[in-house]
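Just so it is clear, none of the values below were taken in a lab; they were calculated from the coordinates. Keep in mind the model is a prediction, meaning the values are calculated, not measured. Virtual Cβ from ideal backbone geometry, glycine too; neighbours counted across all protein chains shown.
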Amino acid sequence: DAGVTQSPTHLIKTRGQQVTLRCSPISGHKSVSWYQQVLGQGPQFIFQYYEKEERGRGNFPDRFSARQFPNYSSELNVNALLLGDSALYLCASSLVEGISGNTIYFGEGSWLTVV
Amino acid sequence: DAKTTQPPSMDCAEGRAANLPCNHSTISGNEYVYWYRQIHSQGPQYIIHGLKNNETNEMASLIITEDRKSSTLILPHATLRDTAVYYCIVRANNAGNMLTFGGGTRLMVKP
């Protein structure tokens, strides 16, 4: 079975532009989360979606938004890009939310460079 | 989620056991201990998790102290491919799917 898949793998954008990153969870997984990892740091939580509803949000500005589709795939949108948005953006999925039997699996990420 | 403390770096000889410590002295009764690792430029890889009892799977063993204030991840026979940053995370049952990553331990496995 395929793992968590993300696209694109690498992209370069200019300051002020907008970007959309896509994620397909593991088949059967209903929860999707997004993380930002700046070089040299651990991943930071941005959003969680479960059954198409936002269930959690990290400390990120409103320029960051996301949604989950009926097939449980997800998109992360970032508007008005800043140089500091350059990072690895990770998508993670799990079968359900909460703890019991609930392992969170990560994709390989999308590398965003803002110039 | 409880804060975790890990050494920033460790070395291990290839073929030997790698023992990675983690302190989580403020852990609550409903918080699990999770371990992930991240090989350079890749997404974090789930290793193992536990609540109270020691756990073992095909990748590693997790030893949690009786007071649950610390734990150790054991890679029984480290290989060069185990070189990575290892993250210890404590996660509450009501935290949804949010994981709080700290700085992790950079494990270097040497020939």
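Return, ordered by residue number, the residues of segment B:44-84 whose backbone nitrogen is under 20 Å from a label point located 7 Å along Cα→Cβ of residue B:106.
B:44-45, B:79-84, by backbone N distance to the label point.
If I model a spin label as a point 7 Å beyond the Cα along the Cα-Cβ vector, how far apart are those points for residue B:81 and residue B:40 in nm?
Roughly 1.7 nm, to one decimal.
Given an 8 Å cut-off on Cα distances and at least 6 residues of separation, report the relative contact order of segment A:32-115 as a percent.
About 28 percent, as a whole number.
Hey, rough spin-label estimate for residue A:63 and residue A:79, points 7 angstrom out along Cα→Cβ, what's it come to in nanometres?
A separation of 1.2 nm, rounded to one decimal place.
Nearest 0.05, what FRET efficiency do residue A:51 and residue B:13 give at R0 = 45 Å with Cβ-Cβ as r?
E between residue A:51 and residue B:13, to the nearest 0.05, is 0.40.
With no solvent and one equal point scatterer placed on each C-alpha of the protein assembly as shown, evaluate the Debye formula and give log10 I(q)/I(0) for q = 0.11, 0.14, 0.16, 0.17 Å⁻¹, two decimals.
Scattering profile of the protein assembly as shown, log10 relative to I(0): -0.55, -0.88, -1.11, -1.22.
A 20 angstrom limit on the alpha carbon distance is what I want to check against. Which of A:52/B:3; B:3/B:69; A:30/B:3 exceed it?
Over 20 Å Cα-Cα: A:52/B:3; A:30/B:3.
Dipole size in debye (nearest 20) for segment B:20-111 around its Cα centre, Lys and Arg Cβ +1, Asp and Glu Cβ -1?
Computed about the Cα centre, the dipole is about 220 debye.
Just report the Cα centroid separation between segment B:41-111 and segment A:12-58, whole Å.
So the two Cα centres are separated by 22 Å.
Please give the direction-averaged projected area of the C-alpha convex hull for segment B:1-80, in square nanometres with one decimal.
Its average projected convex-hull area is 5.6 nm².
What is the Cα coordinate range of chain A on the first, second and third principal axes, sorted by size from largest, in whole angstrom?
41, 27, 27
Mind checking the dipole of the protein assembly as shown: about its Cα centre, +1 per Lys or Arg Cβ, -1 per Asp or Glu Cβ, Debye to the nearest 20?
380
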